[in-house]
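Have a look at the structure below before the remarks.
A short reminder: the numbers here are calculations on the coordinates, not readings from a lab. Note that the structure is a prediction, hence the values are computed from the model and not measured. In this analysis, Cβ positions are derived from the backbone assuming ideal geometry, glycine residues included, and neighbour counts consider all displayed protein chains.
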Amino acid sequence: MEHETDVCIVGAGYAGLTAARRLTGVGKSVIVLEARDRVGGRVWTQSYDGFRLDFGGTFLGPDQDAVRKLVSEFGLETFPTNYEGEKVMAIDGATRRYGGLIPKLSVGAIGSLGVGMARLDAMAKKVPLDAPWADPRSRRWDQQSAGAWLNRHAHVPVGRQLLGATVRGVMCCDPSEVSLLHFLYLIRSANGLSNLLSTKGGYQQDQLVGGAQSMANAIAEDLGPSLLLQTPARSITREDAGVRVTADGDVSVRAGHVIVAIPPSLAAQLHFDPPLPTEKAQLLDRMPAGSVLKMLAVYDDAFWRADGLAGETVGADSPIEMTLDGSPPSGRPGIIMGFAFGPYARQLGALSDDERRTTVLAEYARRFGPRASNPADYFDHEWANEPWSRGGMMSRWAPGTITQFGAALRTPVGRIHWAGTETATVSHGTIDGAIRSGERAALEVVETS
Ligand SMILES: Cc1cc2nc3c(=O)[nH]c(=O)nc-3n(C[C@H](O)[C@H](O)[C@H](O)COP(=O)(O)OP(=O)(O)OC[C@H]3O[C@@H](n4cnc5c(N)ncnc54)[C@H](O)[C@@H]3O)c2cc1C
């Protein structure tokens, strides 16, 4: 089927949907091509017994203005993630309860962790968000992996291990796989490590009552027939007066501009005619997504709260490196969201479904008591197995990548524009970042058409 439109948008995650919404808001026509049979991309909400389960992106921070604006534009509500109560750390085969951001450890370990975090924060403040590739200091940081830096600067093993878990938890890969610069960039983009890691006052502060996919569904409804689901784009041809995008189902879209709002490793699989400039093509080839496995155990109620626990745990001796309380304020149902990142996601992902469930619930029981081993329901989801995401939560820069190829990250190629959380400067790697990137790409199109 042939379509003619002002702008074709590839991908109906938050980046693509926001771009579409902004463009239609200023009178442009759009066609949005989405590979899946749903919108939202790395955000995926399923309804559950009058509540919701979020299998992908979930949490919103207080300073994430772009997503908060969208929440209020659609008249939606958020609720605070439960943080009341003590946290639990699983370490050396035992569990310890603690309050605050840093667990109770030996003086040496706390010192190593605290000093490491302060140094990372201080370095991150010096990373320019717009063009780190043009900054000599950033170039030095891009020569090494985050893991190499930790090995050199975090001398106490437990401190090193917990800082390593932090890298894994936000980059979804082993610290040896990601540039120190990317880790610092993420910290800067989040306005500090504490903001990135905290529940109250930080990135994990709030959740959407109807689930994180709610705004995506609302935008999709407004788009109506301009949104084509189950229509993966396959090629982009630059023509004299615009672009032609072809997609499955014999779909062909002639447009003035195209916004590519899909993860880089999937953009690399599109056929471009003429080929993309070398820097752009090679950048897309060099931005793989990480591995993340999310495990949701659903209970009749959030029983751990009565025991003085917040639901937040850290696992230093387990592949489940983090849990958070995903339950509503009423605590009914009670939901423990667990996460495994990078190599640990692959390790758990390799188990059979039954083995994984047993392993995860045994670990939950260790942290929350025996009731945790008998949930009403259990679900998990491995994002690296999703062909239209190929991983999560975001794509990473391996050492040496962004300082060589970064200039191509957002630069349009003729009438081809680039969106997606990977292109965001503020809230890089989050829903808020994806929305900001869609707004930026839409503005670019308006300004050049
Ligand atoms: C487990 C997990 C937990 C997370 N937790 C949080 C969190 O708590 N808070 C937070 O802010 N962020 C979180 N994130 C990150 C957040 O979800 C993403 O940063 C954000 O959703 C990315 O949006 P996007 O629009 O850039 O990309 P995507 O959401 O990946 O959207 C891209 C879209 O393009 C489609 N697509 C791909 N290829 C094609 C093609 N060839 N043709 C057409 N369509 C195509 C895909 O199907 C998808 O719908 C999490 C992510 C994961 C996976």
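Using a Förster distance of 41 Å, how high is the FRET efficiency between Asp248 and Ala362, based on the Cβ-Cβ distance and rounded to 0.05?
Rounded to the nearest 0.05, the efficiency is 0.45.
Modelling each spin label as a point 7 Å along the Cα-to-Cβ direction, I'd like the Ala350/Asp273 distance in nm, to one decimal.
4.2 nm
Taking the Cβ of Leu223 as the centre, find all other residues whose Cβ is under 11 Å away and add up their charges (Lys, Arg: +1; Asp, Glu: -1).
Once all neighbours under 11 Å are counted, the net charge is -2.
Using the alpha carbons of the stretch 21-153, what is the convex hull volume per residue in cubic angstrom, as a whole number?
Output value, Cα hull per residue: 250 Å³.
Below 15 angstrom from the Cβ of Gly111, what's the summed charge of the other residues (Lys, Arg +1; Asp, Glu -1)?
So the surrounding residues net to +3.
Give the calculated FRET efficiency between Ser449 and Lys69 to the nearest 0.05, with a Förster radius of 30 Å applied to their Cβ-Cβ distance.
Computed FRET efficiency for Ser449 and Lys69 comes out at 0.80.
Please name which of Pro328, Pro157, Pro387 has its Cα lying farthest along the dipole of the chain towards the positive end, using unit charges on Cβ (Lys, Arg +1; Asp, Glu -1) and the Cα centre as origin.
Pro157
List the DSSP H helices in the chain whose Cα atoms stretch 20 Å or more along the helix axis and whose mean Kyte-Doolittle hydropathy is at least 0.0.
For the chain, where a helix must reach 20 Å along its axis and average at least 0.0, the hits are 107-124, 157-171, 431-448.
Between Ser179, Ser235, Ser138, find the one with the highest GNM mean-square fluctuation for the chain; connect C-alpha pairs within less than 10 Å.
Between Ser179, Ser235, Ser138, it is Ser235 that shows the largest mean-square fluctuation.
Mind giving me the FRET efficiency for Ser106 and Leu129? R0 is 35 Å, r the Cβ-Cβ distance, nearest 0.05 is fine.
0.45
For the chain, what is Rg from Cα atoms divided by 2.2 N^0.38 Å, rounded to two decimals?
Normalised Cα radius of gyration, the chain: 0.97.
If you wrap a convex hull around the C-alpha atoms of the stretch 106-197 and split its volume per residue, what is the figure in Å³?
Hull volume over Cα atoms, normalised by residue count, gives 81 Å³.
If you look for lysine pairs in the chain that are eight or more places apart or on different chains, how many of them have Cα atoms under 28 Å apart?
Lysine pairs meeting the criterion: 16.
If you rank Lys200, Lys294 by fewest surrounding Cβ atoms within 10 Å, what's the result?
Result, fewest neighbours first: Lys200, Lys294.
What distance in nm separates the two pseudo spin-label positions at Ala148 and Asp37, each 7 Å out from Cα along the beta-carbon direction?
The modelled label-to-label distance comes out at 4.7 nm.
Given Cα pairs under 8 Å that are at least 6 residues apart, what percent is the relative contact order of the chain?
Dividing the mean separation by the residue count of the chain yields 26 percent.
Let me check I've understood the local charge: for Phe368, count other residues with C-beta under 13 angstrom from its C-beta, Lys and Arg +1, Asp and Glu -1. What total comes out?
0
With the chain treated as a Gaussian network of Cα nodes joined by springs under 10 Å, which of Leu181, Leu409, Leu276 yields the largest mean-square fluctuation?
With Cα springs under 10 Å in the chain, the top fluctuation among Leu181, Leu409, Leu276 is at Leu276.
Placing +1 at every Lys and Arg Cβ and -1 at every Asp and Glu Cβ, with all other atoms neutral, what dipole size does the stretch 38-189 have around its Cα centre, in debye to the nearest 20?
520 debye
With +1 on each Lys and Arg Cβ and -1 on each Asp and Glu Cβ, how big is the dipole of the chain about its Cα centre, in debye rounded to the nearest 20?
Taking the Cα centre of the chain as origin, the dipole is about 1420 debye.
With springs only between Cα atoms under 10 Å, which of Pro157, Pro399, Pro319 fluctuates most in a Gaussian network model of the chain?
Pro157
Using 7 Å Cα-to-Cβ label points, what is the Arg96/Ser47 separation (nm, one decimal)?
4.6 nm
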